[in-house]
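Visitor: First, the structure itself, so that you have it in front of you.
Where a number appears in this text, it was derived from the coordinates with a stated rule and is not lab data. The structure displayed is predicted, hence computed values, not measured ones. With ideal geometry, Cβ positions are generated from the backbone for all residues, glycine too; neighbour counts draw on all protein chains shown.
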């Protein structure tokens, strides 16, 4: 069956909350309400004509107005696939710190969803209600924040490890060039050989790098109309 | 009297031991990388298992959102670093799907040969390390000898031995030299003889069979439920291969090849031995594919002309999204890319086969002995670089 037939089948099932089929996309997708996602996937899995035996991929996408959950299901027996989406609209002022959307877990329908949902919780901060093992999966459990959010702030410190490269002293055998210069400078009576001003109180250890597109193309400060990120690897 | 009590046997219960918690890994030779499995043990029997992953996490998906479409290709190399060509291929096809372009025929046939050569190299590692897991160190050296030939072959067009960055959106990076295809065919002849050697070394070894048969059985329904793909799925008797079922490259449609599936040769369908044997047979199928493809590589461009222009100017696909899946040596690698019209995607999701295949481990281990757990982890053939991304 193609996506249109699958969509018609879903509509005929009488399940609530099934939206339109978007055929303009390269992979046509069906929008459903968050409340009916478990019922929809169960129907797709168990219906004789659909037989979506496998949840191939589950992911979340952050957009300006919402976080979208995307479910790719496919049938090996029937040779077809369908994309199902649900949307969690962003509340006013909802950001990384204040907004954790919650959707029902589908780990009871497909066991494959278990790890996928844990990963989406870990990296994007989407809570899955009813998940059997709702923990982080890739990052340590004590990690703060969800890195794939667009407004995620890079941490400066984790578990005793500074994440700012400049804060890590370089090893130089025999004290190195800098030490020799400092010794020479102090011998000459020059006050303070420190090349770098000490960090002021309140100043962050680490500044998150600017997006690539705003950086100059060459170190000389010469910018062009084309940001570096838009150039190919050639 | 005291002595008698010491030897008294409590016949009301079986012999039991205190529960022991054991960490397998993260630094353990049989976990194939930095994987930690928390085991609860009753004697030598595993009663519960919990995987802990993420030691190699680099957040490749975040990197993908900060670099251009072309710049991300080398990062895909580093996911499943044993099958970089296949990762490049999946990423390139995803970007091409997003842009609505297609690689020229010569590039398509070259891609098939590269992907299949890399598949053999990857299965050779699976074969060699599986021998080591089972206490047979010799097959490893044999496997690495042939893998060396493949790496030398792949180095000639790509310039790299492991992380190729060769298949790129629009085609391939460089053309092959004149002697390359004959050399590939010569390798195929050589490999056939070597493959027979592997079987005398490991496949027919009685100890190896005893260690792998009836161990770690994954029934068909369980494999589908957990989203397992690749040799792990086919080992459970499911005849499903994207190269045949959803041909993502045209040549796969025109080439004849079989899809080996597990048959429960030594006992139960879907055991460790079936998964091992599927990989062995797949190597020969890849040789079959390469032989047919090597004589049919057409002349012409190796990269799409329209794409060459895009290499020099910003590559900005129109807003939209694309999901593409490819048959990697370890299963189906899927990329889900969402573009908002900019030079970088706003979401760049990689669905790694190792990640999904590993998720079944927690359910497989309880009831096994520790040594069988090692056999099961090896038979899943995971690469932690892709599990953690």
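Visitor: Rounded, prolate or oblate: pick one for the range B:170-227, where a ≥ b ≥ c are the square roots of the eigenvalues of its C-alpha gyration tensor, a/c under 1.5 means rounded, and failing that, prolate if a/b is larger than b/c, else oblate. Write out the running numbers ahead of the final one.
Guide: Numbers: a/c = 5.56, a/b = 1.53, b/c = 3.64.
Here the range B:170-227 falls in the oblate category.
Visitor: Please state the relative contact order of the range B:259-323 as a whole percent: Cα pairs under 8 Å, 6+ residues apart?
Guide: Working: 21 pairs, mean separation 13.0, N = 65.
Relative contact order of the range B:259-323: 20 percent.
Visitor: Which value in Å does the Kirkwood hydrodynamic radius of the range B:95-153 take, with 1/r averaged over all unlike C-alpha pairs and then inverted?
Guide: Evaluated on the range B:95-153, it is 13.3 Å.
Visitor: On a C-alpha basis, how far is the centre of the range B:366-389 from the centre of the range B:331-358 in Å? Whole number, if you could?
Guide: 24
Visitor: Using a 10 Å cut-off on Cβ to Cβ distances, tally the other chain neighbours for every residue of A:72-81 and report the average as a whole number.
Guide: Taking all residues of A:72-81 together, the mean is 3.
Visitor: What ranking of B:295, B:37 emerges when the number of other C-beta atoms within 10 Å of each C-beta is taken as an exposure proxy, fewest first?
Guide: Values: B:295 9, B:37 23.
Ranked by crowding around the Cβ, least crowded first: B:295, B:37.
Visitor: For the range B:248-299, what is the per residue volume of the convex hull drawn over the alpha-carbon atoms, in cubic angstrom?
Guide: Normalising the Cα hull of the range B:248-299 by residue number yields 83 Å³.
Visitor: Looking only at B:326, B:272, B:356, which one moves most when chain B is put into a Gaussian network model with springs between Cα atoms under 10 Å?
Guide: B:356
Visitor: Helix B:84-99 versus the longest principal axis of chain B: what is the Cα-based angle in degrees, 0 to 90, to the nearest 10?
Guide: 50
Visitor: A further question on this structure: Treating the angle as unsigned and between 0 and 90°, give the value, to the nearest 10°, between the Cα long axis of helix B:272-294 and the longest Cα principal axis of chain B.
Guide: For helix B:272-294, the angle is close to 20 degrees.
Visitor: Then there is this: Based on the alpha-carbon gyration tensor of the protein assembly as shown and its eigenvalue square roots a ≥ b ≥ c, which shape applies: rounded if a/c is under 1.5, prolate if not and a/b is larger than b/c, or oblate?
Guide: rounded
Visitor: Measure of size requested: the Rg and Dmax of the range A:28-67, with Cα atoms as the atom set and Å as the unit; please supply both.
Guide: 12.2, 38
Visitor: Something else about it: Rounded, prolate or oblate: pick one for chain B, where a ≥ b ≥ c are the square roots of the eigenvalues of its C-alpha gyration tensor, a/c under 1.5 means rounded, and failing that, prolate if a/b is larger than b/c, else oblate.
Guide: Values: a/c = 2.48, a/b = 1.68, b/c = 1.47.
Prolate is the answer for chain B, as a/c is 1.5 or above and a/b outweighs b/c.
Visitor: Among B:258, A:159, B:225, A:65, which comes first, then next, by fewest other beta-carbon atoms within 10 Å? Walk me through the numbers before you get to the answer.
Guide: Working: B:258 13, A:159 7, B:225 21, A:65 10.
So the residues, fewest neighbours to most, are A:159, A:65, B:258, B:225.
Visitor: Please work out the ratio of the alpha-carbon Rg of the range A:1-130 to 2.2 N^0.38 Å and round it to two decimals.
Guide: With N residues counted in the range A:1-130, Rg over 2.2 N^0.38 Å equals 1.03.
Visitor: Counting only C-alpha contacts under 8 Å and six or more residues apart, can you give the relative contact order of the range B:46-134 as a whole percent?
Guide: Value for the range B:46-134: 23 percent.
Visitor: While we're looking at this one, here's another question. Roughly what angle does helix B:138-158 make with the longest principal axis of chain B, taking Cα atoms, 0 to 90 degrees, to the nearest 10?
Guide: 20
Visitor: Using a 10 Å cut-off around each Cβ, can you sort B:77, B:52, B:274 from fewest to most neighbouring Cβ atoms? Before the final figure, lay out the partial values.
Guide: Working: B:77 21, B:52 17, B:274 31.
In increasing order of surrounding Cβ atoms, one gets B:52, B:77, B:274.
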